[in-house]
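*Asks:* Sending over a structure as C-alpha cells; questions will come in a sec.
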Amino acid sequence: MLSEDKKHVALPPGREHLDFLTSIILFAVCVAAIILSMGYWKKLGGEFYASPGFMPTIISGFLLVMSVVLFLDSLKGSSISERCRQLGAAVPATLHSRVFWRAVIGLAIFAAYIFVLLGRLPFWLASFLVLLAILLYLNFEGKFQLKPVLRLVLIAALSIGGIVLLFQVAFAVPMP
C-alpha cells in the first residue's frame, strides 16, 4: 500500500511535468541522431560539411540546445524528483485518457502505412486507404451513415489525386 505522501502527488496547474518529459526524450533522440549522423561521415569519409550527416547533425545540435533550455525551464520552482513523482502520478490518468488512445491508434494507422502498405501497394492506393482510414476514424460518431462516409471518400480521393497530379505530373517527382 502506498504511504499518504506518495498517494497524493499534486499535479502542477501547468504542463511543466510534460515539458520535463519532452525535454528528456528530445535530448535522447538528438544525441542518437548526432551519433548516427556522425557515423555517415565516418563511413563515407571526406569533408564533414559535404557528408549526408552534416545537416542532421546541425539540426540535432540546435534541438539539443533547445531541449536543455526546456529541461531547465521545466525545473523552475521544482526539482527533478518532484517532476518524476508528478509524471508517475500522471501515468494512470494518461492510460485511461481517450485522447491518448486515439493518438496511439492514429500512430498505429500511420505505422501500418509506412511499414506495411508502402512498397506493397501503389503509392496512390496506399495513401488513399490510409487517409480514408484516418478520416473515418477521426469522424466516427458511433453510428454508420452513408452520406458522411461518401463525403470522406470524396475528400480522400480528391486529396490524393491532387497530390499525385501536383508532384508526379506537374513537378515530375516520382512517388514511392
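The values are calculated or read from the model by the stated rules, or taken from the named source; none is laboratory data. Everything numeric in this text was worked out from a predicted model, so none of it was measured. Cβ atoms come from the backbone with ideal geometry, glycine included; neighbour counts cover every protein chain shown. Remember, those area values only see protein heavy atoms, side chains included, never the ligands or the DNA or RNA. Shrake-Rupley method; radii C 1.70, N 1.55, O 1.52, S 1.80 Å.
*Asks:* Condition test on residue 98, is it among the charged types (D, E, K, R), within 23 Å of residue 15 (Cβ to Cβ) and in contact with a Phe, Trp or Tyr (Cβ under 7 Å, 6 or more places away or on another chain)?
*Replies:* So residue 98 does not fit the description; no.
*Asks:* Separate question: For residue 27, state whether it is closer than 30 Å to residue 137 by Cβ, open to solvent by 80 Å² or more (accessible area, probe 1.4 Å) and within 16 Å of the chain's Cα centre (by Cα). So that I can check it myself, show each step before the final result.
*Replies:* Working: closer than 30 Å to residue 137 by Cβ: no; open to solvent by 80 Å² or more (accessible area, probe 1.4 Å): yes; within 16 Å of the chain's Cα centre (by Cα): yes.
So residue 27 does not fit the description; no.
*Asks:* Please specify each residue of the range 67-117 satisfying the condition of being among the aliphatic types (A, V, I, L, M), within 11 Å of residue 20 (Cβ to Cβ) and touching a Leu at 6+ places or on another chain (Cβ under 9 Å).
*Replies:* Keep residues of the range 67-117 that are among the aliphatic types (A, V, I, L, M), which gives 68-70, 72, 75, 80, 87, 89-91, 93, 95, 99, 103-105, 107-109, 111-112, 114, 116-117.
Still in the list and also within 11 Å of residue 20 (Cβ to Cβ): 70, 72, 75, 80, 87, 90.
Hits for the range 67-117 are 70, 87, 90.
*Asks:* Mind counting the residues in the range 30-50 that are within 27 Å of residue 87 (Cβ to Cβ) and either open to solvent by less than 80 Å² (accessible area, probe 1.4 Å) or in contact with a strand residue (DSSP E or B) (Cβ under 6 Å, 6 or more places away or on another chain) (or both)?
*Replies:* Result for the range 30-50: 5.
*Asks:* With respect to the numbered conditions (1) farther than 25 Å from residue 29 by Cα; (2) touching a His at 6+ places or on another chain (Cβ under 8 Å), which one is the sole condition not fulfilled by residue 136?
*Replies:* (2)
*Asks:* Taking the range 51-62 only, how many residues are in a helix (DSSP H, G or I) and surrounded by 16 or more Cβ atoms within 10 Å (Cβ to Cβ)?
*Replies:* Residues flagged as in a helix (DSSP H, G or I) and surrounded by 16 or more Cβ atoms within 10 Å (Cβ to Cβ) within the range 51-62 amount to 4.
*Asks:* Under 9 Å by Cβ, and 6 or more places apart or on different chains, what pairs join a residue from the range 24-47 that is among the β-branched types (Val, Ile, Thr) with one that is surrounded by 11 or more Cβ atoms within 10 Å (Cβ to Cβ) and part of a loop (DSSP other than H, G, I, E, B)?
*Replies:* 34/53
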